[in-house]
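Accompanying notes for the structure given below.
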Amino acid sequence: MTRGARALVLCPDIRSLRYDLDSSERLAEAEGLALAIGVVIAHSAILPVRQMQPNTLFGSGQVENIAVWCEQHEAELVIVDGALTPIQQRNLEDRLKRKVIDRTGLILEIFGERAATAEGRLQVELAHLDYQQSRLVRSWTHLERQRGGFGFLGGPGETQIEADRRMIRQRMGRLRRELDQVRKTRTLHRERRGRAPWPVVALVGYTNAGKSTLFNRLTGAEVMAEDLLFATLDPTMRAIGLPGVEKAILSDTVGFISDLPTQLVAAFRATLEEVTAADVICHVRDMANPSHAAQKKQVLDVLADLGVVDSETGTSAIPILEIWNKSDLLSPDDLAELREAGEGQGTVILSAATGQGIDELEDELTRLLTGAAREVSFVLPVSDGRKIAWLHAHGEVLGDEDAGQSEDGPQRRLTVRLNPKELGQFSSLS
(Lines give C-alpha, C1' and ligand atoms only; values in the text may rest on other atoms or scores of the structure.)
Protein backbone atom coordinates (compact mmCIF):
# COMPACT_ATOMS: atom_id res chain seq x y z
CA MET A 1 0.00 0.00 0.00
CA THR A 2 1.46 3.35 -1.04
CA ARG A 3 0.75 7.06 -0.84
CA GLY A 4 -2.60 7.79 -2.43
CA ALA A 5 -4.32 4.82 -0.79
CA ARG A 6 -7.97 5.39 0.03
CA ALA A 7 -8.62 5.50 3.76
CA LEU A 8 -11.52 5.45 6.18
CA VAL A 9 -10.93 7.80 9.15
CA LEU A 10 -12.85 6.95 12.32
CA CYS A 11 -12.98 9.00 15.50
CA PRO A 12 -14.27 6.98 18.47
CA ASP A 13 -16.08 9.17 21.01
CA ILE A 14 -15.74 7.09 24.18
CA ARG A 15 -18.18 8.12 26.87
CA SER A 16 -15.91 7.18 29.79
CA LEU A 17 -12.98 9.30 28.58
CA ARG A 18 -12.40 13.04 28.85
CA TYR A 19 -11.01 14.86 25.82
CA ASP A 20 -9.42 18.30 25.49
CA LEU A 21 -11.00 18.70 22.05
CA ASP A 22 -14.58 17.96 21.07
CA SER A 23 -15.30 15.09 18.70
CA SER A 24 -15.58 17.20 15.53
CA GLU A 25 -12.26 18.91 16.25
CA ARG A 26 -10.58 15.57 16.97
CA LEU A 27 -11.94 14.17 13.71
CA ALA A 28 -10.61 17.18 11.80
CA GLU A 29 -7.18 16.67 13.40
CA ALA A 30 -7.23 12.96 12.51
CA GLU A 31 -8.05 13.87 8.91
CA GLY A 32 -5.11 16.30 8.94
CA LEU A 33 -2.80 13.55 10.17
CA ALA A 34 -4.06 11.23 7.43
CA LEU A 35 -3.48 13.87 4.76
CA ALA A 36 0.03 14.40 6.13
CA ILE A 37 1.05 10.93 4.94
CA GLY A 38 -0.57 11.37 1.55
CA VAL A 39 -3.60 9.09 1.81
CA VAL A 40 -6.93 9.96 0.24
CA ILE A 41 -9.75 10.28 2.76
CA ALA A 42 -12.56 8.25 1.23
CA HIS A 43 -14.89 8.69 4.21
CA SER A 44 -14.72 9.86 7.83
CA ALA A 45 -17.08 9.49 10.76
CA ILE A 46 -17.47 9.98 14.52
CA LEU A 47 -18.52 6.78 16.28
CA PRO A 48 -20.01 7.06 19.79
CA VAL A 49 -18.71 4.28 22.05
CA ARG A 50 -20.79 3.73 25.18
CA GLN A 51 -18.70 0.79 26.36
CA MET A 52 -15.33 -0.23 24.92
CA GLN A 53 -15.30 -3.77 23.61
CA PRO A 54 -12.09 -5.61 24.57
CA ASN A 55 -11.92 -7.51 21.28
CA THR A 56 -12.68 -4.78 18.72
CA LEU A 57 -13.19 -1.49 20.68
CA PHE A 58 -16.39 -0.89 18.68
CA GLY A 59 -19.66 -2.78 19.02
CA SER A 60 -20.50 -5.55 16.56
CA GLY A 61 -23.06 -3.40 14.75
CA GLN A 62 -20.54 -0.59 14.34
CA VAL A 63 -17.95 -3.02 12.96
CA GLU A 64 -20.52 -4.18 10.38
CA ASN A 65 -21.18 -0.54 9.41
CA ILE A 66 -17.44 0.08 9.06
CA ALA A 67 -17.18 -2.95 6.76
CA VAL A 68 -20.02 -1.58 4.61
CA TRP A 69 -18.33 1.84 4.42
CA CYS A 70 -15.09 0.17 3.33
CA GLU A 71 -16.93 -1.53 0.46
CA GLN A 72 -18.96 1.54 -0.51
CA HIS A 73 -15.97 3.89 -0.56
CA GLU A 74 -13.41 1.33 -1.78
CA ALA A 75 -11.21 2.04 1.26
CA GLU A 76 -7.96 0.08 1.52
CA LEU A 77 -6.98 1.39 4.97
CA VAL A 78 -8.87 2.08 8.21
CA ILE A 79 -7.47 4.74 10.54
CA VAL A 80 -8.80 4.80 14.11
CA ASP A 81 -8.12 8.03 15.99
CA GLY A 82 -7.49 6.34 19.31
CA ALA A 83 -5.38 3.67 20.96
CA LEU A 84 -5.97 0.08 19.85
CA THR A 85 -4.59 -2.94 21.67
CA PRO A 86 -2.81 -5.53 19.51
CA ILE A 87 -5.83 -7.85 19.88
CA GLN A 88 -8.29 -5.14 18.83
CA GLN A 89 -6.15 -4.23 15.84
CA ARG A 90 -5.78 -7.86 14.75
CA ASN A 91 -9.50 -8.62 15.15
CA LEU A 92 -10.54 -5.52 13.21
CA GLU A 93 -8.16 -6.45 10.40
CA ASP A 94 -9.58 -9.99 10.31
CA ARG A 95 -13.17 -8.74 10.15
CA LEU A 96 -12.64 -5.80 7.78
CA LYS A 97 -10.04 -7.50 5.54
CA ARG A 98 -8.14 -4.18 5.53
CA LYS A 99 -5.09 -2.84 7.23
CA VAL A 100 -6.00 -1.00 10.42
CA ILE A 101 -3.78 1.52 12.22
CA ASP A 102 -4.45 3.58 15.32
CA ARG A 103 -3.45 7.12 16.24
CA THR A 104 -0.05 6.08 17.55
CA GLY A 105 0.72 4.11 14.40
CA LEU A 106 -0.40 7.02 12.23
CA ILE A 107 1.86 9.52 14.00
CA LEU A 108 4.75 7.06 13.89
CA GLU A 109 4.18 6.72 10.15
CA ILE A 110 4.43 10.50 9.71
CA PHE A 111 7.51 10.76 11.90
CA GLY A 112 9.19 7.90 10.04
CA GLU A 113 8.57 9.65 6.74
CA ARG A 114 9.68 13.12 7.88
CA ALA A 115 12.79 12.30 9.95
CA ALA A 116 15.72 13.69 7.95
CA THR A 117 18.67 13.55 10.33
CA ALA A 118 20.45 10.50 11.71
CA GLU A 119 19.22 11.40 15.19
CA GLY A 120 15.63 11.72 14.01
CA ARG A 121 15.73 8.34 12.28
CA LEU A 122 17.19 6.69 15.39
CA GLN A 123 14.48 8.21 17.55
CA VAL A 124 11.69 7.14 15.21
CA GLU A 125 13.00 3.59 14.89
CA LEU A 126 13.31 3.24 18.66
CA ALA A 127 9.78 4.56 19.18
CA HIS A 128 8.44 2.27 16.47
CA LEU A 129 10.08 -0.85 17.88
CA ASP A 130 8.85 0.01 21.37
CA TYR A 131 5.30 0.31 20.02
CA GLN A 132 5.49 -2.58 17.61
CA GLN A 133 7.16 -5.33 19.62
CA SER A 134 3.91 -6.75 20.95
CA ARG A 135 2.40 -6.57 17.45
CA LEU A 136 5.37 -8.18 15.72
CA VAL A 137 5.83 -11.06 18.11
CA ARG A 138 3.45 -13.98 17.57
CA SER A 139 1.05 -12.39 15.11
CA TRP A 140 3.51 -10.79 12.67
CA THR A 141 6.42 -13.21 12.75
CA HIS A 142 6.29 -14.11 9.06
CA LEU A 143 7.90 -11.72 6.62
CA GLU A 144 5.01 -11.87 4.18
CA ARG A 145 2.65 -10.62 6.94
CA GLN A 146 5.03 -8.12 8.46
CA ARG A 147 4.37 -4.43 8.16
CA GLY A 148 7.17 -2.79 6.23
CA GLY A 149 9.71 -0.21 7.31
CA PHE A 150 8.99 2.01 10.28
CA GLY A 151 5.34 2.16 9.43
CA PHE A 152 2.41 0.26 8.06
CA LEU A 153 1.83 1.48 4.52
CA GLY A 154 5.03 0.45 2.76
CA GLY A 155 4.13 -3.16 2.14
CA PRO A 156 5.75 -6.39 3.36
CA GLY A 157 9.49 -6.53 3.75
CA GLU A 158 10.26 -2.95 2.74
CA THR A 159 12.54 -2.65 5.80
CA GLN A 160 12.55 -5.92 7.74
CA ILE A 161 11.90 -5.43 11.46
CA GLU A 162 13.10 -8.30 13.64
CA ALA A 163 10.17 -10.55 14.40
CA ASP A 164 11.77 -12.06 17.44
CA ARG A 165 11.41 -10.46 20.88
CA ARG A 166 15.05 -11.06 21.80
CA MET A 167 16.31 -9.48 18.57
CA ILE A 168 13.99 -6.52 19.06
CA ARG A 169 15.32 -5.96 22.57
CA GLN A 170 18.89 -6.14 21.28
CA ARG A 171 18.12 -3.66 18.53
CA MET A 172 16.42 -1.29 20.97
CA GLY A 173 19.43 -1.55 23.27
CA ARG A 174 21.76 -0.56 20.45
CA LEU A 175 19.52 2.34 19.48
CA ARG A 176 19.41 3.60 23.05
CA ARG A 177 23.21 3.50 23.26
CA GLU A 178 23.49 5.42 20.00
CA LEU A 179 20.93 7.96 21.21
CA ASP A 180 22.82 8.34 24.48
CA GLN A 181 25.86 9.27 22.41
CA VAL A 182 23.76 11.70 20.40
CA ARG A 183 22.45 13.18 23.65
CA LYS A 184 26.00 13.64 24.95
CA THR A 185 27.03 15.31 21.70
CA ARG A 186 23.98 17.58 21.81
CA THR A 187 24.80 18.46 25.42
CA LEU A 188 28.36 19.38 24.42
CA HIS A 189 27.03 21.57 21.63
CA ARG A 190 24.61 23.19 24.07
CA GLU A 191 27.42 23.85 26.56
CA ARG A 192 29.54 25.33 23.76
CA ARG A 193 26.68 27.64 22.80
CA GLY A 194 26.31 28.48 26.50
CA ARG A 195 29.91 29.72 26.54
CA ALA A 196 29.24 31.81 23.46
CA PRO A 197 27.69 35.23 23.98
CA TRP A 198 24.63 34.70 21.82
CA PRO A 199 21.22 34.20 23.40
CA VAL A 200 18.96 31.35 22.23
CA VAL A 201 15.31 31.83 21.26
CA ALA A 202 13.25 28.61 20.95
CA LEU A 203 10.03 28.36 18.96
CA VAL A 204 7.48 25.95 20.41
CA GLY A 205 3.84 25.36 19.65
CA TYR A 206 1.18 22.97 18.49
CA THR A 207 1.84 21.32 15.16
CA ASN A 208 0.81 23.47 12.18
CA ALA A 209 0.74 26.64 14.29
CA GLY A 210 3.14 28.32 11.85
CA LYS A 211 6.49 27.89 13.63
CA SER A 212 8.45 27.00 10.49
CA THR A 213 6.86 29.82 8.50
CA LEU A 214 7.85 32.25 11.26
CA PHE A 215 11.33 30.68 11.41
CA ASN A 216 11.75 31.25 7.66
CA ARG A 217 10.45 34.81 7.96
CA LEU A 218 12.94 35.72 10.70
CA THR A 219 15.98 33.89 9.31
CA GLY A 220 15.49 33.85 5.55
CA ALA A 221 15.91 30.06 5.69
CA GLU A 222 13.94 27.59 3.59
CA VAL A 223 12.73 25.11 6.20
CA MET A 224 9.79 23.09 4.89
CA ALA A 225 6.64 25.02 5.80
CA GLU A 226 3.33 23.70 4.52
CA ASP A 227 -0.24 23.55 5.76
CA LEU A 228 0.36 20.03 7.09
CA LEU A 229 0.61 18.51 10.54
CA PHE A 230 4.26 17.76 11.36
CA ALA A 231 5.53 19.39 8.16
CA THR A 232 8.94 19.60 9.85
CA LEU A 233 10.32 17.18 12.39
CA ASP A 234 14.04 17.67 12.96
CA PRO A 235 15.07 20.76 14.92
CA THR A 236 16.79 23.56 13.01
CA MET A 237 18.93 26.43 14.30
CA ARG A 238 19.90 29.66 12.54
CA ALA A 239 21.47 32.96 13.54
CA ILE A 240 19.29 36.06 13.45
CA GLY A 241 19.91 39.75 14.06
CA LEU A 242 17.70 41.81 16.36
CA PRO A 243 17.65 45.54 17.09
CA GLY A 244 20.26 46.16 19.81
CA VAL A 245 21.32 42.49 19.84
CA GLU A 246 24.35 41.63 17.77
CA LYS A 247 23.33 38.03 17.20
CA ALA A 248 20.83 35.49 18.52
CA ILE A 249 20.22 31.82 17.77
CA LEU A 250 16.69 30.86 16.71
CA SER A 251 15.67 27.22 17.23
CA ASP A 252 12.67 25.59 15.52
CA THR A 253 11.43 22.50 17.40
CA VAL A 254 9.06 19.66 16.55
CA GLY A 255 5.39 20.54 16.89
CA PHE A 256 3.33 19.25 19.79
CA ILE A 257 0.02 17.45 19.48
CA SER A 258 -2.66 16.10 21.78
CA ASP A 259 -2.22 12.48 22.88
CA LEU A 260 1.31 12.33 21.52
CA PRO A 261 2.39 8.68 21.80
CA THR A 262 4.42 8.08 24.95
CA GLN A 263 7.05 6.29 22.87
CA LEU A 264 7.66 9.49 20.89
CA VAL A 265 7.69 11.74 23.95
CA ALA A 266 10.47 9.59 25.40
CA ALA A 267 12.36 9.22 22.12
CA PHE A 268 12.33 12.93 21.28
CA ARG A 269 13.14 14.13 24.77
CA ALA A 270 16.75 14.92 23.78
CA THR A 271 15.47 17.10 20.95
CA LEU A 272 12.91 18.86 23.12
CA GLU A 273 15.51 19.48 25.83
CA GLU A 274 16.88 22.23 23.57
CA VAL A 275 13.97 24.27 24.88
CA THR A 276 15.25 24.04 28.46
CA ALA A 277 18.48 25.84 27.50
CA ALA A 278 16.75 28.76 25.77
CA ASP A 279 16.93 32.35 27.00
CA VAL A 280 13.43 33.07 25.64
CA ILE A 281 10.69 30.66 24.58
CA CYS A 282 8.29 31.83 21.87
CA HIS A 283 4.98 29.95 22.08
CA VAL A 284 3.48 30.22 18.59
CA ARG A 285 -0.30 29.82 18.58
CA ASP A 286 -2.70 29.45 15.64
CA MET A 287 -5.40 31.90 16.67
CA ALA A 288 -7.49 31.08 13.58
CA ASN A 289 -7.99 27.56 14.93
CA PRO A 290 -11.13 27.29 17.09
CA SER A 291 -9.26 24.85 19.37
CA HIS A 292 -6.38 27.24 20.13
CA ALA A 293 -7.12 27.26 23.88
CA ALA A 294 -6.99 23.45 24.12
CA GLN A 295 -3.84 23.45 21.99
CA LYS A 296 -2.21 25.90 24.39
CA LYS A 297 -2.94 23.52 27.27
CA GLN A 298 -1.28 20.65 25.40
CA VAL A 299 1.87 22.71 24.78
CA LEU A 300 2.07 23.81 28.41
CA ASP A 301 1.62 20.19 29.53
CA VAL A 302 4.66 19.15 27.46
CA LEU A 303 6.69 22.09 28.78
CA ALA A 304 5.71 21.07 32.31
CA ASP A 305 6.85 17.51 31.57
CA LEU A 306 10.22 18.94 30.50
CA GLY A 307 10.44 20.92 33.73
CA VAL A 308 10.23 24.29 31.98
CA VAL A 309 6.82 25.22 33.40
CA ASP A 310 5.70 24.56 36.98
CA SER A 311 2.69 22.25 36.62
CA GLU A 312 0.98 23.71 39.70
CA THR A 313 1.55 27.45 39.30
CA GLY A 314 2.01 27.59 35.51
CA THR A 315 5.04 29.86 35.95
CA SER A 316 8.37 29.49 34.17
CA ALA A 317 11.91 30.55 35.00
CA ILE A 318 12.45 31.11 31.27
CA PRO A 319 10.47 34.03 29.80
CA ILE A 320 7.67 32.72 27.55
CA LEU A 321 6.40 35.09 24.86
CA GLU A 322 3.05 34.18 23.33
CA ILE A 323 2.91 34.82 19.59
CA TRP A 324 -0.65 34.93 18.30
CA ASN A 325 -0.17 33.88 14.69
CA LYS A 326 -2.32 33.71 11.53
CA SER A 327 -3.95 37.08 12.10
CA ASP A 328 -4.40 37.30 8.32
CA LEU A 329 -7.01 34.52 8.50
CA LEU A 330 -9.19 36.41 11.00
CA SER A 331 -12.08 38.71 10.17
CA PRO A 332 -11.67 42.40 11.09
CA ASP A 333 -14.07 41.96 14.02
CA ASP A 334 -12.26 38.88 15.33
CA LEU A 335 -8.90 40.60 14.93
CA ALA A 336 -10.12 43.65 16.86
CA GLU A 337 -11.42 41.37 19.60
CA LEU A 338 -8.09 39.55 19.69
CA ARG A 339 -6.16 42.81 20.01
CA GLU A 340 -8.39 43.84 22.90
CA ALA A 341 -7.84 40.47 24.61
CA GLY A 342 -4.07 40.75 24.18
CA GLU A 343 -3.84 44.29 25.53
CA GLY A 344 -1.32 44.36 28.37
CA GLN A 345 -0.80 40.58 28.24
CA GLY A 346 2.72 40.68 26.78
CA THR A 347 1.64 39.00 23.55
CA VAL A 348 2.51 39.74 19.93
CA ILE A 349 -0.17 39.46 17.23
CA LEU A 350 1.22 38.77 13.78
CA SER A 351 1.00 36.88 10.53
CA ALA A 352 4.11 34.88 9.74
CA ALA A 353 2.74 34.34 6.21
CA THR A 354 2.46 38.05 5.35
CA GLY A 355 5.09 39.48 7.69
CA GLN A 356 2.66 41.81 9.43
CA GLY A 357 3.71 42.28 13.07
CA ILE A 358 7.26 40.95 12.64
CA ASP A 359 8.76 44.32 13.65
CA GLU A 360 6.79 44.23 16.91
CA LEU A 361 8.02 40.70 17.57
CA GLU A 362 11.66 41.68 17.03
CA ASP A 363 11.27 44.68 19.36
CA GLU A 364 9.69 42.48 22.05
CA LEU A 365 12.45 39.87 21.73
CA THR A 366 15.06 42.61 22.08
CA ARG A 367 13.33 43.87 25.23
CA LEU A 368 13.26 40.39 26.76
CA LEU A 369 16.86 39.59 25.85
CA THR A 370 18.28 42.90 27.07
CA GLY A 371 15.88 43.62 29.92
CA ALA A 372 18.20 42.13 32.54
CA ALA A 373 21.25 43.96 31.22
CA ARG A 374 22.96 46.46 33.50
CA GLU A 375 25.77 48.96 33.28
CA VAL A 376 29.13 47.81 34.61
CA SER A 377 32.46 49.67 34.69
CA PHE A 378 35.83 47.99 34.21
CA VAL A 379 39.29 49.48 34.59
CA LEU A 380 41.65 47.59 32.31
CA PRO A 381 45.24 48.08 31.24
CA VAL A 382 45.55 49.16 27.63
CA SER A 383 47.84 46.18 27.11
CA ASP A 384 44.93 43.78 27.84
CA GLY A 385 43.62 44.04 24.30
CA ARG A 386 41.81 40.70 24.50
CA LYS A 387 39.38 41.78 27.23
CA ILE A 388 38.88 45.21 25.75
CA ALA A 389 38.09 43.70 22.35
CA TRP A 390 35.72 41.19 23.99
CA LEU A 391 33.73 43.96 25.67
CA HIS A 392 33.45 45.90 22.42
CA ALA A 393 32.35 42.77 20.56
CA HIS A 394 29.83 41.41 23.06
CA GLY A 395 28.53 44.34 25.07
CA GLU A 396 27.19 47.81 24.40
CA VAL A 397 30.09 50.14 25.27
CA LEU A 398 28.62 53.33 26.75
CA GLY A 399 31.88 54.99 27.75
CA ASP A 400 35.61 54.60 27.13
CA GLU A 401 37.91 57.04 28.95
CA ASP A 402 41.42 57.37 30.32
CA ALA A 403 41.87 55.89 33.81
CA GLY A 404 45.43 56.97 34.54
CA GLN A 405 48.52 54.86 35.07
CA SER A 406 49.21 51.66 37.00
CA GLU A 407 52.16 49.34 37.36
CA ASP A 408 50.80 47.60 34.23
CA GLY A 409 50.90 50.84 32.25
CA PRO A 410 48.14 53.17 30.99
CA GLN A 411 44.56 52.12 31.78
CA ARG A 412 41.12 52.64 30.29
CA ARG A 413 37.76 52.80 32.09
CA LEU A 414 35.05 51.12 30.04
CA THR A 415 31.37 51.42 30.95
CA VAL A 416 29.51 48.58 29.29
CA ARG A 417 25.95 47.28 29.30
CA LEU A 418 25.97 43.48 29.73
CA ASN A 419 23.32 40.92 30.52
CA PRO A 420 23.99 38.40 33.33
CA LYS A 421 25.06 35.71 30.88
CA GLU A 422 27.63 37.97 29.22
CA LEU A 423 28.85 39.26 32.57
CA GLY A 424 29.48 35.70 33.72
CA GLN A 425 31.35 34.92 30.52
CA PHE A 426 33.54 38.01 30.90
CA SER A 427 34.29 37.15 34.50
CA SER A 428 35.52 33.70 33.40
CA LEU A 429 38.06 35.19 30.97
CA SER A 430 41.60 34.70 32.21
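The values are calculated or read from the model by the stated rules, or taken from the named source; none is laboratory data. This structure is a prediction, so every number in the text was calculated from the model and none was measured. Neighbour counts run over all protein chains shown; Cβ positions are idealised from the backbone, glycine included. Side chains are part of the model used for accessible areas, which takes the heavy atoms of the whole protein and leaves out ligands, DNA and RNA. Shrake-Rupley method; radii C 1.70, N 1.55, O 1.52, S 1.80 Å.
Which of (1) modelled with pLDDT of 95 or more; (2) within 24 Å of ASN289 (Cα to Cα) does LEU92 not meet, given it meets every other one?
(2)
Of these, ASP305, ASP259, which one is closer than 29 Å to VAL124 by Cβ, modelled with pLDDT of 80 or more, of a type in the set (Asp, Glu) and more than 13 Å from the chain's Cα centre (by Cα)? Please lay out each step first, then the result.
On the way: ASP259 fails: modelled with pLDDT of 80 or more.
Exactly one residue qualifies, and that residue is ASP305.
Please go through (1) open to solvent by 40 Å² or more (accessible area, probe 1.4 Å); (2) at pLDDT below 85 for ALA239 and return the number of the only condition it doesn't satisfy.
Only one criterion in (1) open to solvent by 40 Å² or more (accessible area, probe 1.4 Å); (2) at pLDDT below 85 is unmet by ALA239, namely (2).
So in region 301-334, with the set limited to residues that are hydrophobic (A, V, I, L, M, F, W, C) and without any contact (Cβ under 8 Å) to a residue 12 or more places away in the chain, which one is surrounded by the most Cβ atoms within 10 Å (Cβ to Cβ)? Outline the logic, then answer.
From region 301-334, those hydrophobic (A, V, I, L, M, F, W, C) are 302-304, 306, 308-309, 317-318, 320-321, 323-324, 329-330; that's our starting set.
Narrowing the set further to residues that are without any contact (Cβ under 8 Å) to a residue 12 or more places away in the chain leaves 304, 309, 317.
Working: ALA304: 15, VAL309: 21, ALA317: 9.
In this case the residue turns out to be VAL309.
How many residues are among the polar types (S, T, N, Q), surrounded by 14 or more Cβ atoms within 10 Å (Cβ to Cβ) and closer than 13 Å to ILE14 by Cα if we restrict to region 35-58?
Within region 35-58, the first condition is being among the polar types (S, T, N, Q), and the residues that meet it are 44, 51, 53, 55-56.
Next, from what is left, pick out any that are surrounded by 14 or more Cβ atoms within 10 Å (Cβ to Cβ): 44, 53, 55-56.
Among the residues that remain, those that are also closer than 13 Å to ILE14 by Cα are: 53.
Number of matching residues: 1.
Suppose we keep only residues that are over 16 Å from GLY205 (Cβ atoms), in a strand (DSSP E or B) and in contact with a Leu (Cβ under 9 Å, 6 or more places away or on another chain) within region 242-256. Which one would you say is modelled with the lowest pLDDT?
VAL245
For SER351, which of the numbered conditions (1) in contact with a strand residue (DSSP E or B) (Cβ under 8 Å, 6 or more places away or on another chain); (2) open to solvent by 30 Å² or more (accessible area, probe 1.4 Å); (3) free of Cβ contacts under 8 Å to residues at least 60 places away in the same chain; (4) not aliphatic (A, V, I, L, M) fails to hold?
(2)
Restricting to region 73-105, name every residue that is in contact with a strand residue (DSSP E or B) (Cβ under 7 Å, 6 or more places away or on another chain), hydrophobic (A, V, I, L, M, F, W, C) and open to solvent by 20 Å² or more (accessible area, probe 1.4 Å).
Hit for region 73-105 is ALA83, nothing else.
Looking at region 1-60 only, could you name the residues that are within 27 Å of the chain's Cα centre (by Cα) and assigned to a loop (DSSP other than H, G, I, E, B)?
Passing the criteria: THR2, ARG3, GLY4, LEU17, ARG18, TYR19, ASP20, LEU21, ASP22, ILE37, GLY38, VAL39.
LEU229 versus (1) under 18 Å from VAL284 (Cα atoms); (2) modelled with pLDDT of 70 or more: which is the lone unmet condition?
Result: LEU229 fails condition (2) only.
Here are ARG26, ARG18: which of them is touching a Cys at 6+ places or on another chain (Cβ under 7 Å) and either open to solvent by 60 Å² or more (accessible area, probe 1.4 Å) or more than 18 Å from LYS99 (Cα to Cα) (or both)? Break it down into steps so the answer makes sense when it comes.
Numbers: ARG18 fails: touching a Cys at 6+ places or on another chain (Cβ under 7 Å).
ARG26 is the lone residue from the list that is touching a Cys at 6+ places or on another chain (Cβ under 7 Å) and either open to solvent by 60 Å² or more (accessible area, probe 1.4 Å) or more than 18 Å from LYS99 (Cα to Cα) (or both).
When region 71-125 is examined, which residues are found to be among the acidic types (Asp, Glu) and in a strand (DSSP E or B)?
Narrowing region 71-125 to residues among the acidic types (Asp, Glu): 71, 74, 76, 81, 93-94, 102, 109, 113, 119, 125.
Scanning region 71-125 gives a single hit, ASP102.
Tally up the residues in region 276-301 that are out of contact with any helix residue (DSSP H, G or I) (no Cβ under 7 Å at 6 or more places or on another chain) and in a helix (DSSP H, G or I), please.
11
For region 59-72, give me the residue count where each residue is open to solvent by 50 Å² or more (accessible area, probe 1.4 Å) and either among the charged types (D, E, K, R) or touching a residue at least 60 places away in the same chain (Cβ under 8 Å) (or both).
Initial filter on region 59-72 (open to solvent by 50 Å² or more (accessible area, probe 1.4 Å)): 60, 64-65, 68-69, 71-72.
Checking the rest, the ones that are also either among the charged types (D, E, K, R) or touching a residue at least 60 places away in the same chain (Cβ under 8 Å) (or both) come to 64, 69, 71.
Residues meeting the conditions: 3.
Given the residues GLU375, GLU360, which is the only one that is in contact (Cβ under 8 Å) with a residue 12 or more places away in the chain and either surrounded by 13 or more Cβ atoms within 10 Å (Cβ to Cβ) or more than 30 Å from GLU407 (Cα to Cα) (or both)?
Numbers: GLU375 fails: either surrounded by 13 or more Cβ atoms within 10 Å (Cβ to Cβ) or more than 30 Å from GLU407 (Cα to Cα) (or both).
Among GLU375, GLU360, only GLU360 is in contact (Cβ under 8 Å) with a residue 12 or more places away in the chain and either surrounded by 13 or more Cβ atoms within 10 Å (Cβ to Cβ) or more than 30 Å from GLU407 (Cα to Cα) (or both).
Do we have any residue at all in region 61-68 that's among the polar types (S, T, N, Q) and closer than 19 Å to LEU260 by Cβ? I'd like the intermediate steps shown before the answer.
Of all residues in region 61-68, those among the polar types (S, T, N, Q) come to 62, 65.
Remaining after also requiring closer than 19 Å to LEU260 by Cβ: none.
No, region 61-68 has no match at all.
For residues in region 398-425 being open to solvent by less than 70 Å² (accessible area, probe 1.4 Å) and of a type in the set (A, V, I, L, M, F, W, C), which is nearest to GLU246 (Cα to Cα)?
The first filter runs over region 398-425 and keeps only residues open to solvent by less than 70 Å² (accessible area, probe 1.4 Å), leaving 399, 403-404, 406, 409-411, 414-416, 418-419, 421-425.
Imposing the further condition that a residue be of a type in the set (A, V, I, L, M, F, W, C) reduces the set to 403, 414, 416, 418, 423.
Numbers: ALA403: 28, LEU414: 19, VAL416: 14, LEU418: 12, LEU423: 16 Å.
Restricting to residues being open to solvent by less than 70 Å² (accessible area, probe 1.4 Å) and of a type in the set (A, V, I, L, M, F, W, C), the top hit is LEU418.
Here is a list of conditions, (1) in contact with an Asp or Glu (Cβ under 8 Å, 6 or more places away or on another chain); (2) open to solvent by 40 Å² or more (accessible area, probe 1.4 Å), and GLY395 meets all of them except one; can you say which number that is?
Unmet for GLY395, out of (1) in contact with an Asp or Glu (Cβ under 8 Å, 6 or more places away or on another chain); (2) open to solvent by 40 Å² or more (accessible area, probe 1.4 Å): (2).
Do you know which residues across region 360-378 are among the acidic types (Asp, Glu) and either under 17 Å from GLU246 (Cβ atoms) or in a strand (DSSP E or B) (or both)? Before you say what the answer is, go through the steps one by one.
So the first thing to find is which residues in region 360-378 are among the acidic types (Asp, Glu), and the list is 360, 362-364, 375.
Matches in region 360-378: GLU362, ASP363, GLU375.
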